[in-house]
Amino acid sequence: MKLRSKLAIKCAKTTSYLIKKLNRGSGVTLPGYVARLIDPQILSTMASMVREKTIVTMGTNGKTTTNSILYHALKAEGKSVIINRTGANMLNGIISAFVLSTDRHGQLDADYACIEVDEIASVGVLPQLKPDYALLTNISRDQLDRFGEVDITYNKLKTAVTSVPDTKLIINCDDILSYALAKESQNPFVTYGISEQIFDDISRSEIRESIFCRSCGKKLEYDFFHYGQLGIYHCPNCGFQRPEPDFTASDIYFHDEVYDFDMDGMRIHSTARSPYNIYNTLSAYAALCAMDADKPHFQEMIENFDYGNNRESIFTIHNARVQLHLAKNPIGFQQKISLVLKDPAPKDIIIQINDTYQDGEDVSWLWDVDFQYLADANAATITTNGTRRYDMGLRLKYEDIPCESTTDIEATIEHLTKNGTKNLYVIVNYSGLYRTNHLLTSMQDQEKGGILS
């Protein structure tokens, strides 16, 4: 290893240590920035140390969960794996994941690297990382002020994957955009998809990113939609169509709030509470097969896997069931509304909408979500919170759904868990996720310790 690389690693580790020592954050982004200043080629150097395979996971929805499944599957086979587990998926966060995993000599001990990559950052990351495989979950709108419309995301991803022509793609062929990208890129690829209609009317809604043929521009015909533009499609003009997937899940059954399904001869009794987590499981399994990775322990691992990733968590506070969910774009929010309506019991709902850089400062996407379904959610109360709580309240007003607003989410949770339905849903967008998770964890732990009355 070059002396410059060793110095970069040393300084990055020192930076991370000081950040944690001074309690100034988690230290998962700045160390990568420091390392890159000293050695601009540090990511390429680190990636070359991975003994077997490097896979990146990209896409608008599901990449954090999918990447986590890959990580746990490989760990279950005794492999040493690098992961940017905190979701630090920009260039500096990815560099940090590598340099902070080295030993005291600056050497990396890793069989695999499972790296989540932001779609916009992919153009800068993939040429340096040169992954063996790239998994694409789906392409839809997310953070309009940062990503713009979906064609911008599509073109960024296409530029990224074509810059690494030997990288094999694992593609969700139910998504016309992802499948068209794979066809246009000329990269080798395999596909996965679901041929059964498992998403309900609420999930499907009317949110469509593209329903036109990428070959001839004519309107596609669909046998059915899963959600968004995902489904079974064909072009009546030129014959472009959704292929028979290389990997699929079938005989999908929902009971006791979770899903069972068949996959490659296995009957999976999962802990997945949302149908899109079947996609996440299937995509990860397809990637493992494409990589020829060992997977005899996959079924045992996935049947005990926590799909929450702090993005779907359940707490007990004052004997009330409190569920925390992340919803950061129209399609994701529609899935959460569907999940809420699957619960027929009376409930209270808190919706927190912020507009930080992490969330996207443009919250006009709220008008693309079919909130009218919440009128049938058997909600005793709906409360809005966050910097854009009034925007959220206005959106609900247009659906004739009454709500209140609050600036003190802790006091509201305290009140509702004591005096409400004992069934509370808290839905937040990105910047509120970890803060609210920490708050709910603290409230639950305090009660267990006898502090709360």
Could you work out the Rg to Rh ratio of the chain, with Rh taken as the Kirkwood radius (inverse of the mean 1/r over all Cα pairs)? 0.96
Scoring the stretch 180-285 by relative contact order with C-alpha pairs under 8 Å, at least six apart, yields a percentage of 23
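Carbon-plus-sulfur fraction of the accessible area of the stretch 196-331, 1.4 Å probe, in percent?
Roughly 43 percent of what the probe reaches on the stretch 196-331 is carbon or sulfur.
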As computed over the stretch 34-135, the Cα convex hull volume per residue (Å³): 92
Per principal axis, largest first, the Cα atoms of the stretch 413-452 extend in Å by 31, 23, 12
The extension gain from ARG4 to ALA345, computed as 0.36 nm times the residue separation minus the Cα-Cα distance, is 116.7 nm
The stretch 346-395, relative contact order [Cα under 8 Å, separation at least 6], %: 60
Using θ = phi - 60° and the Karplus curve 6.51 cos²θ - 1.76 cosθ + 1.60, what whole-Hz ³J(HN,Hα) does each residue of the stretch 385-401 get, with Gly and Pro shown as x? 8, x, 5, 10, 5, 6, 4, 5, x, 5, 4, 5, 4, 5, 9, 6, 10
Multiplying the sequence separation of LYS21 and VAL258 by 0.36 nm and subtracting their Cα-Cα distance, what value in nm do you get? 81.2 nm
When averaged across all projection directions, what area in nm² does the alpha-carbon convex hull of the stretch 359-451 cover? 6.4
Name every cysteine in the chain that ends up alone, with no second cysteine's Cβ under 4.7 Å, or say none. CYS11, CYS114, CYS173, CYS289, CYS403
Measure out, as a whole number of angstrom, how far apart the alpha-carbon centroids of the stretch 228-247 and the stretch 359-383 sit. 31
Could you tell me the extents of the stretch 144-297's C-alpha atoms along the three principal axes, largest first, rounded to whole Å? 42, 37, 35
Cα-based convex hull volume of the stretch 231-279 per residue, rounded to whole Å³: 85
Could you tell me which of ASN319, ILE120, SER101 has its Cα farthest along the dipole of the chain towards the positive end, charges placed at Cβ (Lys, Arg +1; Asp, Glu -1), taken about the Cα centre? SER101
To the nearest 10 Å², what's GLU414's accessible area with a 1.4 Å probe? 40
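Averaged per residue, what accessible area in Å² does the stretch 211-321 show with a 1.4 Å probe, protein chains only?
44
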Treating each Cα of the stretch 349-398 as an identical point scatterer and ignoring solvent, apply the Debye formula and state log10 I(q)/I(0) at q = 0.13, 0.14, 0.16 Å⁻¹. -0.30, -0.35, -0.45
Inter-part distance where the stretch 286-337 and the stretch 393-453 are each reduced to a Cα centre, Å: 21
Computed [θ] at 222 nm, deg cm²/dmol, the chain (DSSP H ≥ 4; -39,500 (n - 2.57); rounded to nearest 500): -11000 deg cm²/dmol
By per-residue mean of other Cβ atoms within 10 Å, what is the highest-first order of 331-339, 291-299? 331-339, 291-299
Ordered by packing density, taken as the mean number of other Cβ atoms within 10 Å over each peptide's residues, highest first, how do 276-288, 121-133, 237-249 rank? 276-288, 121-133, 237-249
Rough spin-label spacing in nm, given labels placed 7 Å along Cα→Cβ, for GLU244 and ILE211: 2.8
Along its three principal axes, how long is the stretch 88-166 when you only count alpha carbons? Whole Å, largest extent first please. 45, 28, 18
Normalising by the residue count of the chain, find the relative contact order in percent from Cα pairs under 8 Å and 6+ residues apart. 12
Just need the Rg to Rh number for the stretch 220-377, please, alpha carbons only, Kirkwood Rh. 1.00
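HIS269 to THR159: extension gain in nm, 0.36 nm per residue of separation minus the Cα-Cα distance?
35.7 nm
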Backbone N under 17 Å from the GLU410 label point (7 Å along Cα→Cβ), restricted to the stretch 315-342: 317-318
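The values are calculated or read from the model by the stated rules, or taken from the named source; none is laboratory data. What you see is a predicted model; the values in this text were computed from it and never measured. Every residue, glycine among them, receives a Cβ derived from its backbone with ideal geometry; neighbour counts consider all protein chains shown. To get the accessible areas, we keep the full protein, side chains included, count just its heavy atoms, and leave off ligands, DNA and RNA. Shrake-Rupley method; radii C 1.70, N 1.55, O 1.52, S 1.80 Å.
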